Amino acid sequence: MVAAPVPFGPVPAPRQWQWHQLEFYGFLHFTTNTFTDKEWGFGDEPPAIFNPTDFDADAIVAVAREAGMRGLILTCKHHDGFCLWPSAYTEHSVKNSPWRDGQGDVVREISDACRRQGLLFGVYLSPWDRNHGDYGTPAYLDYYRAQLRELLTNYGPIFEVWHDGANGGDGWYGGANEKRTIDKFTYYDWENTWAIVRELQPQAVIFSDAGPDIRWVGNESGKGGETTWLTLDTTGWCPGFADTKQLNTGHEDGPLWLPPEVDVSIRPGWFYHAREDSQVHSVRRLIDIYYQSVGRSGSLHLNLPPDRRGHIHEVDASRLQTVRHILDQTFARDFAAEATVSACNTRGNASLYAPSQVLNQDPNRYWATDDEVRSAALELDLGAEYTFDQVLLQEPVRLGQRVREWAFEVETKDGWQEVAHATTIGYKRLARFAPTTARRVRLRILDAKACPLLSRLALFLAPTFAVEPTIRRAPDGTVRFEGCDEVRVRCTVDGSEPTVASALYTGPFSLPAGGVVTASVLAADNVGIYVPGDRATARAAYGLAKSGWSVPGVTGAEALIDDNPATSWRTATGVREVCVDLGEEVCIGALAYLPPMVSRSSDGFVQVCRWYVAATPDAWGEPVGELRCDNVVNNPVEQRLDIAPVTGRYVRVEVLDTVNSAPQAAFGGINVYRAQ
């Protein structure tokens, strides 16, 4: 009898193993922010503002189910403190809103709809509460734990409990408009707070920056690490305090099994904003996110923000349906399923660990080598020549993660050719490459921490489909489409959906005044080309072109107005404002701050600023509005302030607060939009 491989290093607990197998689930960000058009509420929002016109939990859950999601997590309470259930411990909840005449319970309706449709249900309960008067005192912890108990006892099985890392700052705090800080390491007494979850929902996994069951991936852009170790050393870390780069890659010799969750929104923001209907991630981007999350051993947690009706917007739903269709087609056929497999080493030459075990989909069966082996190779004869463009690999991680480096090769008339080379495998690795035709393929495990084990090797081919064009605009306002040389593209510049009657794109065109550019590849125009969902559409919203702009009195500020996301500019030390000359008078309807997109540090990112508009640089009146750039560090996208139309030539930004109170304010740029 050949001895089985012994586990190497940390391994997943049963609840973590169940979580691994979910792979794809959804986030629902929904609260008063949906109705105030904010990302983070201040805590002073009246409950009466929460009033969805046609809330339909079953319709929301159906969108997630049809997209292939296996669960949904609801923001039961975000930082503003408003509760989507009639909590017995606060008046700041749906029970004091006009929705359902104060008798509604969003948590109940979503959790029940999930169970009816076969999805798991999870809860997000923000540790930070900008509404509660006791926040920052010991009394708030009693309140927080009481609400946690409400959610974990009244809504059935919970698969995940989500704790945000945002903790402390300015807020309403029961009318005390002030800034409150807490010690992230001690204030929440996390061990005893998490004990409530273990007591009431022992199968639930707990998420935070630092676990204890699953970790944040370290960004909100949908990117797992090229190298992803599922183990981590959290010494010196706590929720809200962790190294984002190390979260992304993990630690090869980390003492804890702490795999990454890749949380990302389908839109630039986490809550619904009508202005972002034209900025829903493209099909191509969502497919890339899938491969950079699920394909890098993480789970994809994709946010779908319900709109003011209480529905998932049609653009979001349509985009997801197309992505699901493409993924289903991609993984419909495994070209390695009938292969003959051989290996340079098999554990004890036993059939239980034979190379052919990698062709099954049972995670309990795997190919294994002898204990002393650290590098090995598998060869597959597919039985005929097939064309494929990706390989799927899986380790049986319940015995630990082992592989440090691997390469995948195909046999050509000139010998073996490498088409993929990477580091870790882990729970699941998907590597894409150019379409390749071959009969024989080889996996070379170049380095492993312990004897290599592999539970699956599969080969797939993604369908060829028309993708939406990439829209670019130069500083002078010239717009061009990229990636559409072989298809016909219809376009509009007023935000409307292109039809076969819309203008055909024939080359770059001028759009100096800005607008919403929509470019569609229509199936009706492209006979013989697969266009998923009958159209592939891209949208981009642009403000005024900046070719005539200047920054009076400041030298070296070109990056502020160059429309180049790869450049950035910082004010002089201690300077808290900047003025821009637009070159002509404009009727302005919106102003926007662009954070630096390639900055290594978020120090100096603008968190709060006031905007002014004037006809001359010496005639400033009252500010036209104040912009709060909440969550700008984790989600560094355009921060837009819509204003009542005002005419002027000069725009001034007065910075009131920066990240980490930095003495210099950091800008990727600013945008100015004409009033509609």
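The values are calculated or read from the model by the stated rules, or taken from the named source; none is laboratory data. Values in this document were obtained by computation on a predicted structure and should not be read as measured data. Methodologically, a virtual Cβ is constructed for each residue, glycine included, from the backbone with ideal geometry; neighbour enumeration extends over all protein chains shown.
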Residues that are in contact with a strand residue (DSSP E or B) (Cβ under 6 Å, 6 or more places away or on another chain) and charged (D, E, K, R), drawn from the stretch 1-53: R15, E23
Matching entry among L392, L378 (being in the same structural domain as H421 (by TED's automatic domain parsing), within 26 Å of M1 (Cβ to Cβ) and in a strand (DSSP E or B)): L378
Among (1) surrounded by 23 or more Cβ atoms within 10 Å (Cβ to Cβ); (2) within 18 Å of L461 (Cα to Cα), the one test that Y386 misses: (1)
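Per-residue answers, yes or no, for (1) assigned to a loop (DSSP other than H, G, I, E, B); (2) in contact with a Phe, Trp or Tyr (Cβ under 7 Å, 6 or more places away or on another chain):
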residue: R480; (1), (2): no, no
residue: D485; (1), (2): yes, no
residue: C491; (1), (2): no, yes
residue: S496; (1), (2): yes, no
residue: T499; (1), (2): yes, no
residue: G507; (1), (2): yes, no
residue: A513; (1), (2): yes, no
residue: V521; (1), (2): no, no
residue: I529; (1), (2): yes, no
Evaluation of V373 against (1) in a loop (DSSP other than H, G, I, E, B); (2) hydrophobic (A, V, I, L, M, F, W, C); (3) touching a helix residue (DSSP H, G or I) at 6+ places or on another chain (Cβ under 8 Å) (one fails), failing number: (3)
Residue match in the stretch 586-593 (condition: at pLDDT 90 or above, in a helix (DSSP H, G or I) and surrounded by 17 or more Cβ atoms within 10 Å (Cβ to Cβ)): no
Filter result for A559 (surrounded by 15 or more Cβ atoms within 10 Å (Cβ to Cβ), at pLDDT 90 or above and under 30 Å from R284 (Cα atoms)): yes
Residue within the stretch 127-146 that is surrounded by fewer than 18 Cβ atoms within 10 Å (Cβ to Cβ) and under 26 Å from the mean Cα position of the chain (by Cα) present: no
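Looking only at the stretch 331-350, which residues are part of a loop (DSSP other than H, G, I, E, B), buried (at least 17 other Cβ atoms within 10 Å of the Cβ) and in contact with a Ser or Thr (Cβ under 9 Å, 6 or more places away or on another chain)? It would help to see each step written out before you state the result.
To start, the set of residues in the stretch 331-350 that are part of a loop (DSSP other than H, G, I, E, B) comprises 331-339, 344-346, 350.
After this cut, where a residue has to be buried (at least 17 other Cβ atoms within 10 Å of the Cβ) as well, the list is 334-336, 339, 345-346.
Selection gives F335, A339, N345, T346.
Counting residues that are in contact (Cβ under 8 Å) with a residue 24 or more places away in the chain and closer than 24 Å to L232 by Cα, which strands (runs of 3 or more DSSP E) fully inside the stretch 140-210 reach at least 2?
Numbers: elements: 160-162, 169-171, 178-180, 205-208.
The qualifying strands (runs of 3 or more DSSP E) are 160-162, 205-208.
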All positions within the stretch 2-57 that are charged (D, E, K, R) and either closer than 30 Å to G168 by Cα or touching a Pro at 6+ places or on another chain (Cβ under 8 Å) (or both): R15, D37, K38, E39, D44, E45
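What are the residues in the stretch 270-317 that are within 24 Å of T53 (Cα to Cα), in contact (Cβ under 8 Å) with a residue 24 or more places away in the chain and outside any loop (DSSP other than H, G, I, E, B), if any?
Correct list: A274, R275, D277, S278, N303, P306, I312, V315, D316, A317.
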Residues located in the stretch 1-30, provided they are at positive phi and touching an Asp or Glu at 6+ places or on another chain (Cβ under 8 Å): G9
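Only one residue in R628, R610 is closer than 22 Å to G269 by Cβ, at pLDDT 95 or above and among the basic types (K, R), so which one is that? First the steps, then the outcome.
Details: R628 fails: at pLDDT 95 or above.
It is R610.
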